[in-house]
1. I'd like the full set of residues that are open to solvent by 80 Å² or more (accessible area, probe 1.4 Å), within 30 Å of Leu65 (Cα to Cα) and assigned to a helix (DSSP H, G or I), limited to segment 2-31.
2. Do you know which residues across segment 32-63 are open to solvent by 70 Å² or more (accessible area, probe 1.4 Å), at pLDDT below 90 and assigned to a helix (DSSP H, G or I)?
3. Looking only at segment 23-41, which residues are of a type in the set (Val, Ile, Thr) and over 15 Å from Arg9 (Cβ atoms)?
4. Based on this model, can you work out whether Asp61 counts as closer than 16 Å to Glu5 by Cβ and free of Cβ contacts under 8 Å to residues at least 60 places away in the same chain?
Amino acid sequence: MESIEKSIRELLNKYCSNGAPLYAGISGGADSMALLTALHKIGAKVTALHVNFHLRGDESDQDQL
């Protein structure tokens with residue numbers, strides 16, 4: 001089975017220009033943190049941008065703070 005890091009690396013190679021800025025919308029939820037961790041593991045130079053979707057009530061607001 002393919003690792004998530006390998007899949008992400010392949011997608012970045014296919015769709016992102018080498019050297020172009022990489023931005024990730026991060027809400028603070030488990031899936032966002034998993035994505036950010038995977039990007040870090042593969043050595044991607046990424047800027048995380050917080051997005052509050054207000055899906056987890058006060059917890060979403062605390063992530064924003």
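1. Ile4, Ala30, Asp31
2. Asp58, Glu59, Gln62
3. Ile26
4. No; evaluated as a whole, the condition is false for this residue.
The values are calculated or read from the model by the stated rules, or taken from the named source; none is laboratory data. Nothing here was measured: the structure is a model prediction, and the numbers come from that model. Cβ: placed from backbone, ideal geometry, glycine included. Neighbour counts: every protein chain shown. Surface accessibility is based on the protein's heavy atoms, side chains included, excluding ligands, DNA and RNA. Shrake-Rupley method; radii C 1.70, N 1.55, O 1.52, S 1.80 Å.
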